[in-house]
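Got a structure for you, written out below as structure tokens; questions coming shortly.
The values are calculated or read from the model by the stated rules, or taken from the named source; none is laboratory data. Just so it is clear, the structure is predicted and the values come from calculations on it, not from any experiment. Heads up, the Cβs are rebuilt from the backbone with ideal geometry, glycines too, and the neighbour counts pull from every protein chain shown. Areas reflect the complete protein model, heavy atoms only, side chains present, ligands, DNA and RNA absent. Shrake-Rupley method; radii C 1.70, N 1.55, O 1.52, S 1.80 Å.
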Amino acid sequence: MKVTIVGCGPAGVSAAIYVRRANIETTIIGTRDTALATAKKIENYYGFAEPISGMELFEAGLQQSKRLGCQVIIGEVISLFADDKFRVRTMDCEVYSDAIILAMGQQKKRLDIAGLAEFEGHGVSYCAICDAFFFRGKKVVVIGEGEYAIAEVKELAEVVGEVILLTNGFLPTADLVGISVITAKIKAIVGEDYVAGVVFVDGKNLAVDGVFVAVGVASCGDLARRLGVLVENNKIIVDEAGATNFPGVFAAGDCVNSLCQIATAVASGALAGISVAKYVRSIEVGNKNGTCKI
Amino acid sequence: MEHVKYEHCKKGSVVMELVEITTENYEQEVANFEGLVLLDFWAEWCNPCKVLMPVIEEVAREVNEIKFGKVNVDKNEKLANQFAVTNIPFLVVLKNGEVQNSSVGMKSKQMILEMLNV
């Protein structure tokens with residue numbers, strides 16, 4: 001049995017330690033762009049006589065997980081699928097597992113563009129694979145600048161009539177070969193009942209039928225929503241064991257906790273790790289007995 | 001309620017089948033229905049839809065005075081266009097054929113009950 005943990009901050013690594021020590025094959029996937037790595041001096045975490053930097057603690061956690069036998073993949077997760085197995089996809093690879101833990105930290109602040117919230121469900125979408133169907137043959141834009149946005153553009157290009165990437169004033173951070181791009185800053189999403197266009201700060205207009213949002217990296221909430229995991233106020237809803245409403249999907253850390261501290265992230269990671277180990281054991285027993293959980 | 005049927009699954013629990021709403025039966029089943037109707041727009045390829053459907057079935061088992069229907073957007077494009085559906089799962093509540101409220105995305109049982117105001 002295999003478990004994949006998305007996110008390599010304190011919650012993800014803490015979870016991985018418990019899963020691996022339960023003798024389950026464990027993969028951690030994430031980037032170094034974590035809240036922990038940006039902390040210059042940490043004085044409020046147990047066990048350090050002198051302050052430690054976030055980057056030192058982050059690297060020590062990764063080393064600890066590797067020493068225990070976890071596979072660590074440094075890469076940006078761009079999508080998540082649930083078929084017979086869970087599939088976690090980065091730009092370079094796809095990892096299969098029997099259960100997953102989402103521990104990618106707090107959702108970044110949503111884009112502050114006029115009309116975006118108003119048109120959500122009326123032409124504004126946060127998931128290409130979910131909603132591309134409704135824009136067959138139509139013209140859409142993707143707001144974003146990195147690999148996550150590029151992946152969404154490619155997904156849409158298979159279905160829609162035309163897709164343009166809008167970087168909203170940011171420099172692209174991914175390879176944009178073959179993709180139509182507008183880098184101007186966006187002022188508003190406009191329309192009557194449904195999205196009809198994008199207005200830029202420079203006064204120009206672009207008529208479009210749909211707007212997809214994929215700014216920065218995919219957050220826990222973005223990935224969770226794709227599966228049908230409950231998300232409320234940008235936090236993944238979990239029970240006391242760290243389990244979501246979707247069997248086999250657990251969550252931990254700042255994407256779950258209201259108190260965003262290393263100590264609480266480590267604690268919820270440990271809880272989710274123990275819970276996911278119990279879960280995969282139950283599937284294993286079910287498989288051996290020839291029964292399945294419904 | 002003659003528009004719903006129950007089916008016993010292998011484990012013995014009761015499964016509620018939602019009314020299959022199509023472009024053809026919409027007038028009769030929804031537009032001309034006196035009372036509350038909850039419609040669930042869904043598709044086979046939509047993961048969140050598959051997770052949401054059993055939650056709606058659970059609500060349907062408990063709330064008798066409301067009609068619960070499902071609309072397959074692949075098979076009923078005209079109906080999906082009529083409601084201007086651009087994201088699924090899409091839930092819409094109608095009273096006497098008039099839209100009362102709607103929502104996009106996964107919802108908990110409690111959220112659905114709140115939408116229905118029951």
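How crowded by other chains is A:65-78, given as the mean number of beta carbons from other chains within 10 Å of each beta carbon?
0
Rounded to the nearest Å, what's the spacing between the alpha carbon centres of the stretch A:226-255 and the stretch A:166-196? Just the number, please.
When both Cα centres are located, 30 Å separates them.
Exceeding 30 Å between C-alpha atoms, which entries from my cross-link table qualify? They are B:Lys78/B:Lys107; A:Lys85/B:Lys109; A:Lys204/B:Lys75; A:Lys40/A:Lys66; A:Lys139/B:Lys75; A:Lys139/B:Lys50.
Listed pairs above 30 Å: A:Lys204/B:Lys75.
Which three extents, in angstrom, do the Cα atoms of the stretch A:27-168 have along their principal axes, listed largest first?
Over the stretch A:27-168, Cα extents along the principal axes are 60, 39, 21 Å.
Can I ask one more? Below 15 angstrom from the Cβ of A:Ile274, what's the summed charge of the other residues (Lys, Arg +1; Asp, Glu -1)?
Taking every Cβ under 15 Å from that of A:Ile274, the sum is +2.
Next question, about the same structure. Enter the accessible area per residue of chain A (Å², integer; probe 1.4 Å; all protein chains in place).
The answer is 47 Å² per residue.
Here is a follow-up. Give me the three principal axis extents of chain A from the C-alpha atoms, as integers in angstrom, largest value leading.
That works out to 56, 54, 33 Å along the principal axes.
Find me the longest stretch of chain A that has none of the exposed GluC sites (Glu not before Pro), where exposed means in a DSSP loop (not H, G, I, E or B) with at most 15 other Cβ atoms within 10 Å.
Between exposed loop sites, the widest span is A:44-117.
What is the Cα centroid distance between the stretch A:263-281 and the stretch A:96-151, reported in whole angstrom?
With the stretch A:263-281 and the stretch A:96-151 each reduced to a Cα centre, they are spaced 28 Å.
Which FRET efficiency value, to the nearest 0.05, is calculated for B:Gln100 and A:Asp202 with the Förster distance at 30 angstrom and r the Cβ-Cβ distance?
0.15
For the pairing of chain B with chain A, what total accessible surface becomes buried, with a 1.4 angstrom probe, in square angstrom to the nearest 100?
1700 Å²
Here's a follow-up. For every helix of n ≥ 4 consecutive DSSP H residues, a contribution of -39,500 (n - 2.57) applies; sum these over chain B, divide by its total residues, and give [θ] at 222 nm rounded to the nearest 500 deg cm²/dmol.
-7500 deg cm²/dmol
Among all stretches of chain A without exposed chymotrypsin sites (Phe, Trp or Tyr not before Pro) (DSSP loop, at most 13 other Cβ atoms within 10 Å), which one is longest?
In chain A, the maximal stretch lacking such sites is A:49-294.
Determine the principal axes of the Cα atoms in the stretch A:1-96, then give the extent along each, sorted from largest to smallest and rounded to whole angstroms.
Reported extents, whole Å, longest axis first: 47, 28, 17.
Also: Simple spin-label model, 7 Å along Cα-to-Cβ: A:Asp92 to B:Arg61 in nm?
Once both label points are built, they end up 4.8 nm from each other.
I've got another one for you. With an 8 Å Cα cut-off and a minimum separation of 6 or more residues, compute the relative contact order for the stretch A:82-198 in percent.
22 percent
Applying 1/(1 + (r/R0)^6) with R0 = 45 Å to the Cβ-Cβ distance of B:Glu44 and A:Ala49, what FRET efficiency is obtained, to the nearest 0.05?
Rounded to the nearest 0.05, the efficiency is 0.15.
While we're looking at this one, here's another question. Carbon-plus-sulfur fraction of the accessible area of chain A, 1.4 Å probe, in percent?
Of the solvent-accessible surface of chain A, carbon and sulfur hold 51 percent.
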